[in-house]
Amino acid sequence: MKIPPIAIPLFLTAVLLAQATKPAFTGRWEVDKSRSTARTVFVKHPELSGPPAPVPPAGHAFDTMRPQTITLRGSSLVIVDEPAGNLPERSFKLTTNNQPNITSLPGGGVNRSSTRWDGKQLVTTWVLEQGGMPIMRGTDRRSLSDDGATLIQERTVITPLHESQLHIVWIRRRR
């Protein structure tokens, strides 16, 4: 079968356009607590060890979420939580090509993750380890509103004794 000469440039143009349509997550984001929701159910997960993460009281699931700055360039993704009170700045350096990423955390913890594109959603799966043992795992699915002013993060968190589903609405803010 002979390929028409116009087919190759058309194919390359389609590939480039598909790559160019990735959402622009780069920016400074703050949680909109009034539009964010959280639901927790108690379910045992014996494959996870350690004490369960505390469950915030109803209506307070987002109180400790700090403004964050996301920088996305090519396959490099950096998420920086701003310092607040006695909490220092916290950075996660990831890649969007589904390769493993390891972030050391204060207190000896380690966050192991991988991030990939699923259409226009950015999907991160992660495991939090303490002393080499998994104590928590989850998934974050991030997508942008059509106007780019709102970031929606669907987060699942699984601990030894419960599962939480969080619908987090972030608003783009200027510094």
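The values are calculated or read from the model by the stated rules, or taken from the named source; none is laboratory data. Since this is a predicted model, take the numbers as computed values, not measurements. As a convention, Cβ positions derive from the backbone with ideal geometry for all residues, glycine included, and neighbour counts pool all protein chains shown.
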If a residue has to be touching an Asp or Glu at 6+ places or on another chain (Cβ under 8 Å) and not β-branched (Val, Ile, Thr) to count, how many in segment 101-110 make the cut? 1
Exactly one of LEU10, LEU72 is at pLDDT below 90 and of a type outside the set (Val, Ile, Thr), and that residue is LEU10
Counting just the residues of segment 42-90 that are loosely packed, with under 12 Cβ neighbours inside 10 Å and among the small types (Gly, Ala, Ser), which one comes out farthest from ASP140 (Cα to Cα)? GLY85
Output the strands (runs of 3 or more DSSP E) that fall wholly within segment 90-175 and possess 1 or more residues being closer than 25 Å to LYS44 by Cβ, touching a strand residue (DSSP E or B) at 6+ places or on another chain (Cβ under 6 Å) and charged (D, E, K, R), or say none. 110-118, 121-130, 133-144, 150-158, 162-173
